[in-house]
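Taken together, the values in this text are just the output of simple stated rules run on the coordinates, not laboratory data. This is a predicted model, so every value here is computed, not measured. Every residue, glycine as well, gets a Cβ built from its backbone with ideal geometry; the counts of neighbours run over all protein chains shown.
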Amino acid sequence: MSAANLAPQPGPPLWLLAELTYRCPLHCAFCYNPVDFATSGPELSTDDWLRVLREARAAGSVQCGFSGGEPLVRDDLEILVAEAHRLGFYTNLLTSGVGLTAERAAALKAAGLDHIQLSFQDSTRELNDFLSHTRTFDLKQRVAALIKDNGWPMVMNCVIHRLNIDYIDRIIEMAVELGAEYLELANSQYYSWALLNRDQLLPTRDQLERAERITNEYREKYGDRIRIFFVVPDYHEKRPKKCMNGWGNVFLTVTPDGTALPCHTAKMLPGLAFPNVREMGVRDIWYESEGFNRYRGDSWMKDPCRTCPDKEKDLGGCRCQAYMLAGDPAAADPVCDKSPAHGLVVEAVARAEAGAGRSAPLVFRDPAASRRIAAEGG
Amino acid sequence: MSAATATDACPRVSRRFRLQWEEAQNAWVLLYPEGMVKLNQSAGEIMRRCDGSRTVSQIVADLEQAFGASGLADDVAKFLELARAQQWIET
């Protein structure tokens, strides 16, 4: 093998996402947890997670996100945060705030938690409630106060979609009212539950342009008081996103049952065995496993990516989206207008423009629906 | 010249960030919610001295002594200006 063929050694798994559980009090129709989550194996034990944290830190991980599901349903969260903090991680909790009492907030602070990202509880089932500032607002207000009282930065996140995008001004005002310093307006990406509900959730181009314009007006109005990030839905783009900043490049996700993945949806990809932290150490998972090496670099690419001048820029986009839409995980992400399957994305946007999802009911994420979908074959 | 780079100011790492040595990256990094800035060597050496007790003049003298160099004041001032704009430091 000539030197030119040797792939460079990847850097360390800087970002560890610990998906502690698929249990969740919410039923969001855009949830990115797998649709068959209810058939997942038993959750990792506290000791398993402590070992994963130590192994990941030794391999160079430095950001640790505790996520789910709702991570607060695990009563060992404080133990895990304390160990992550002791190891030198920067610790992030990604939560809806449901279950965050003053006692638990104080315990998490004492354990060394660095940051809470609070998501708006918009499961769309309670859309009216969410928009009318009643129950949701009371909960968020209580949790926002806990966040401030404990000296954490106020970072809020709201998933944006067709059913709430027209109220983006009210969403921003709510975040300002709650004292958020950062607000992420993340348009839904179409995986898992959101893919099932794509016709109902994908906004039209007009809706998207209006939302971006209003967001810019608020940026001008509030300046440094609140920093607003607007993540566009990639279906409306012509070039794909550099998914996960590169396969096996920065991100390591560990799912509730211990499966290690290069992103939280990669388990869907066919013909790839992903290792489990019960059976393999984090360093070997990251550097040696077939699952993590398969789509590193660019030697796996086909045309049009292989010969594309932008291939280093976007690395061919998202492997899961290529599989879901084009049926081949090594194909170009169909979001790219050079992809032979780009017509599928154009068609989905056209369906959104025509209001195709108006009459169909949303499929809400819950264990019963998950088991039904799994029984039907995914 | 801003407050952060006045020679008698005592800059310190902003509460929004945590400065930490990362062996795996052989670098000083700034950590913040869900993100990281990897500092190059000179940036790291300046930032680690921004502890709120040393003045800018003392930081410069300390660096010049540590690295056997002279005339670093302008470079340090330039970096601190950038660090302040990024809100990495406060005074």
> For A:Ser96, A:Ser67, what's the fewest-to-most ordering of other Cβ within 10 Å of each Cβ?
Replying inline: A:Ser67, A:Ser96
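If each DSSP helix of 4+ residues adds -39,500 (n - 2.57) and the sum is divided by the residues in chain B, what number results at 222 nm, nearest 500 deg cm²/dmol?
-10000 deg cm²/dmol
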> Where does each of A:Ile373, A:Ile285, A:Ile165 land when they are ranked from fewest to most other beta-carbon atoms within 10 angstrom?
Replying inline: A:Ile373, A:Ile165, A:Ile285
> Calculated FRET efficiency, B:Glu23 and A:Asp75, Cβ-Cβ r, R0 45 Å, to nearest 0.05?
Replying inline: 0.85
>> Going by Cα centres, segment A:259-322 and segment A:327-364 are how many Å apart?
In response: 23
> If Lys and Arg each add +1 and Asp and Glu each add -1, what is the summed charge of the other residues whose beta carbon sits under 10 Å from the beta carbon of A:Ser188?
Replying inline: +2
> By how many degrees, between 0 and 90 and to the nearest 10, does the Cα long axis of helix B:73-85 differ from the longest principal axis of chain B?
Replying inline: 40
> If each of A:Ala107 and A:Glu347 carries a label point 7 Å out from its Cα toward its Cβ, how far apart are those two points in nm?
Replying inline: 5.2
> By how many degrees, 0 to 90 and rounded to 10, does the Cα axis of helix B:56-66 deviate from the longest principal axis of chain B?
Replying inline: 80
> So for segment B:12-86, what are the equivalent ellipsoid semi-axes in whole Å, largest first, each being the square root of 5 times an eigenvalue of the Cα gyration tensor?
Replying inline: 21, 14, 11
>> Just to confirm a number: summing +1 for Lys and Arg and -1 for Asp and Glu over residues other than A:Gly327 whose beta-carbon lies under 15 angstrom from that of A:Gly327, what do you get?
In response: 0
> If one puts a single equal scatterer on every Cα of chain A and applies the Debye formula without solvent, what log₁₀ I(q)/I(0) results at q = 0.10, 0.11 Å⁻¹?
Replying inline: -0.67, -0.82
>> Explain nothing, just the number: dipole magnitude of segment B:18-91 about its Cα centre with +1 on each Lys and Arg Cβ and -1 on each Asp and Glu Cβ, in debye rounded to the nearest 20.
In response: 100
>> Taking the beta-carbon count within 10 Å as an exposure proxy, list B:Ser53, A:Ser40, A:Ser45 from fewest neighbours to most.
In response: B:Ser53, A:Ser45, A:Ser40
> What nm distance separates the two modelled labels at A:Lys313 and A:Glu217, each placed 7 Å from Cα along Cα→Cβ?
Replying inline: 3.2
> Can you give the Rg to Rh ratio of segment A:289-372, both from alpha-carbon atoms, with Rh computed by the Kirkwood formula?
Replying inline: 1.10
> Between A:Lys338 and B:Asp62, what is the FRET efficiency for a Förster distance of 45 Å, r being their Cβ-Cβ separation, to the nearest 0.05?
Replying inline: 0.25
> Quick one: net charge of B:Ser14's neighbours, Cβ under 10 Å, K/R +1, D/E -1?
Replying inline: +4
> According to a simple spin-label model (label point 7 Å from Cα along Cα-to-Cβ), what is the distance in nm between B:Ala69 and B:Asp51?
Replying inline: 2.1
